[in-house]
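Encoded as structure tokens, the structure appears first; notes follow it.
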Amino acid sequence: MVRGFSDADGYDRGLSKAARASVRNVLGLKKGERILIVGNPDVDAREISMSIFDASMDVGAVPVLIYQRSKSSFDFTEEEIVKSFSTAPDVVLSISKERLGLDRYGLKHGYRGRRRYDNILDMLYEEKRSRAFWSPGITREMFARTVPIDYNRMRKDCRRLERLLSSSDSVRVTSSSGTDIEVGVRGRKAMRDDGDLRRPGASGNMPAGETFISPSLGQTNGTIAFDGSMALAKGEIFVKEPILVKVRDGYVKTISGGREAEQLRRSVAAGARTARAMVSKGELKPSEGEKYARNSKSIGELGIGLNRKARIVANMLEDEKVYGTCHFAIGSNYDGDADSLIHLDGLVRSPTITLCKDSGSEREIMVKGKFVWD
């Protein structure tokens, strides 16, 4: 028992309640199912991992818990963990201080299925062999506050936005900080991270709470003013002075602002530089390396937050779920046709979001951070 715990299971009540919600309400874990939990020895990741391990035991599942050292965006997952993934457990969880890490074999050789995968975990859930969630940067306080929520209400919100985004040709986002951008989405299907991971192939974050879409390639133009928080190659920051990102034909052209803008410039450059360095080391094929480097400046995601318990805390795992915000990502997308070593989410506070059709019709769904149906 870790000192300071008070619940009968050895955890404080908030942690135990969140672990039970994860196992029962989110995963729908059943007796006899195999669950692989990959954690770090850091205090918060370790205690959350163990609470989920015990909650899994309570429903008769068969959990296995493995620790590795904390990994950054450019570190490799330990080979022993990649081999454990290859056994295709029913459920795979990543509870990490920072990141799960890159798949060395996948980056160099790839895994084949409906498409080429550079990470075995992506292959497992997209090929519907496993279901999964990952929680990079999760803390005990966040886990206890944002996981035991009203999932029926949030899932309804996520489904509504999924339908609306998927039926649009473009999305215009503006904000008082200077965001004014049009994102082409024709032909793309929106996805939802609604905490429903009860079926093979389901995947998402924990905490959950967003609907998101990969922009059509080359179809994003305008200015994004990141004014909430920003993910960097290492860690996340509050944004004190808006970061202005000019986008043309789907790629970042300029990044301006104060100190935070310079940090983002360095992170984007590190994504391209690391990809080229991996080619030199034989870890990426030259053609793949150039693609990864180029896509370090791609706009890979537009997401809208829907978790009513989430707050802006300079931890993107939670920040991108904040109700009434949206976020854009620089780097890889979720449709597998713009791979990159980075996926840097940045938050836009209180946006106005308008869905557009090529016919000229428009529909506002959010005005200054308020959904029109609230």
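The values are calculated or read from the model by the stated rules, or taken from the named source; none is laboratory data. Just so we're clear, the structure is a prediction, and the values are computed from it rather than from any experiment. Every residue, glycine as well, gets a Cβ built from its backbone with ideal geometry; the counts of neighbours run over all protein chains shown.
Just to verify a result, which residue in the range 139-168, among those that are outside any helix (DSSP H, G or I) and surrounded by 17 or more Cβ atoms within 10 Å (Cβ to Cβ), is farthest from the chain's Cα centre (by Cα)?
Of all residues in the range 139-168, those outside any helix (DSSP H, G or I) come to 139, 147-150, 167-168.
Next cut, surrounded by 17 or more Cβ atoms within 10 Å (Cβ to Cβ) only: 139, 147-149, 168.
Working: THR139: 16, VAL147: 16, PRO148: 19, ILE149: 19, SER168: 23 Å.
The qualifying residue farthest from the chain's Cα centre (by Cα) is SER168.
Would you mind finding the one in ARG160, ARG114, ARG172, ARG188 that is farther than 19 Å from HIS327 by Cα and either charged (D, E, K, R) or in contact (Cβ under 8 Å) with a residue 60 or more places away in the chain (or both)? Write out each step before concluding.
Details: ARG160 fails: farther than 19 Å from HIS327 by Cα; ARG172 fails: farther than 19 Å from HIS327 by Cα; ARG188 fails: farther than 19 Å from HIS327 by Cα.
Answer to the check: ARG114.
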For ARG99, work out the one condition from (1) at pLDDT 95 or above; (2) farther than 19 Å from LEU197 by Cα; (3) out of contact with any helix residue (DSSP H, G or I) (no Cβ under 6 Å at 6 or more places or on another chain) it doesn't fulfil.
-> (1)
If GLU262 passes every condition in (1) closer than 20 Å to THR174 by Cβ; (2) outside any loop (DSSP other than H, G, I, E, B) but one, which one does it miss?
-> (1)
When ARG172 is evaluated against the numbered criteria (1) more than 14 Å from the chain's Cα centre (by Cα); (2) not assigned by TED's automatic domain parsing to the domain that holds SER359, which criterion, by number, is the only one it fails?
-> (2)
Report, by residue number, each residue of the range 244-270 that is more than 24 Å from ASP339 (Cα to Cα), among the small types (Gly, Ala, Ser) and crowded, with 17+ Cβ neighbours inside 10 Å.
-> GLY257
If you go through the range 305-321, how many residues are more than 13 Å from the chain's Cα centre (by Cα) and not basic (Lys, Arg)?
-> 6
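From the list GLY209, GLY271, GLY222, GLY235, which one is in the same structural domain as GLY305 (by TED's automatic domain parsing), closer than 18 Å to ARG349 by Cα, under 20 Å from the mean Cα position of the chain (by Cα) and not acidic (Asp, Glu)?
On the way: GLY271 fails: closer than 18 Å to ARG349 by Cα; GLY222 fails: under 20 Å from the mean Cα position of the chain (by Cα); GLY235 fails: closer than 18 Å to ARG349 by Cα.
Every option except GLY209 fails the conditions.
Restricting to the range 15-71, give me the number of residues that are part of a helix (DSSP H, G or I) and small (Gly, Ala, Ser).
First, pick out the residues of the range 15-71 that are part of a helix (DSSP H, G or I): 15-26, 43-58.
Applying the additional criterion that residues be small (Gly, Ala, Ser) yields 16, 18-19, 21-22, 45, 49, 51, 55-56.
Here the count works out to 10.
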Return the only residue of SER70, SER94 being touching a residue at least 24 places away in the same chain (Cβ under 8 Å), in contact with a strand residue (DSSP E or B) (Cβ under 9 Å, 6 or more places away or on another chain) and either surrounded by 20 or more Cβ atoms within 10 Å (Cβ to Cβ) or assigned by TED's automatic domain parsing to the domain that holds ALA275 (or both).
-> SER94
Quickly run through the range 271-290 and pick out the residues that are touching a residue at least 24 places away in the same chain (Cβ under 8 Å) and surrounded by 17 or more Cβ atoms within 10 Å (Cβ to Cβ).
-> GLY271, ALA272, THR274, ALA275, MET278, GLU283, LEU284, GLU288
What is the number of the single condition among (1) over 19 Å from VAL38 (Cβ atoms); (2) among the aliphatic types (A, V, I, L, M); (3) without any contact (Cβ under 8 Å) to a residue 24 or more places away in the chain that ILE149 does not meet?
-> (3)
Being small (Gly, Ala, Ser) and at positive phi is the filter here, so list the residues in the range 119-169 that pass it.
-> GLY137
Just one of GLY282, GLY204, GLY271, GLY195 is among the small types (Gly, Ala, Ser), within 27 Å of GLU98 (Cβ to Cβ), in a loop (DSSP other than H, G, I, E, B) and in contact with a strand residue (DSSP E or B) (Cβ under 9 Å, 6 or more places away or on another chain); which is it?
-> GLY195
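Of the residues SER84, SER135, which single one is outside any loop (DSSP other than H, G, I, E, B), among the hydroxyl-bearing types (Ser, Thr, Tyr), touching a residue at least 24 places away in the same chain (Cβ under 8 Å) and in contact with a helix residue (DSSP H, G or I) (Cβ under 9 Å, 6 or more places away or on another chain)? If you could, list the steps in order and put the result at the bottom.
On the way: SER84 fails: in contact with a helix residue (DSSP H, G or I) (Cβ under 9 Å, 6 or more places away or on another chain).
Of SER84, SER135, the one residue that is outside any loop (DSSP other than H, G, I, E, B), among the hydroxyl-bearing types (Ser, Thr, Tyr), touching a residue at least 24 places away in the same chain (Cβ under 8 Å) and in contact with a helix residue (DSSP H, G or I) (Cβ under 9 Å, 6 or more places away or on another chain) is SER135.
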The residue from ASP180, ASP169, ASP196 that alone is farther than 26 Å from GLY250 by Cα and modelled with pLDDT of 95 or more is ASP196
Which residues, counting only those in the range 320-374, are in contact (Cβ under 8 Å) with a residue 40 or more places away in the chain and at positive phi?
-> GLY324, GLY331, GLY336, SER350, LYS368, GLY369
Would you point out which residue out of GLU210, GLU241 is of a type outside the set (A, V, I, L, M) and surrounded by 23 or more Cβ atoms within 10 Å (Cβ to Cβ)?
-> GLU210
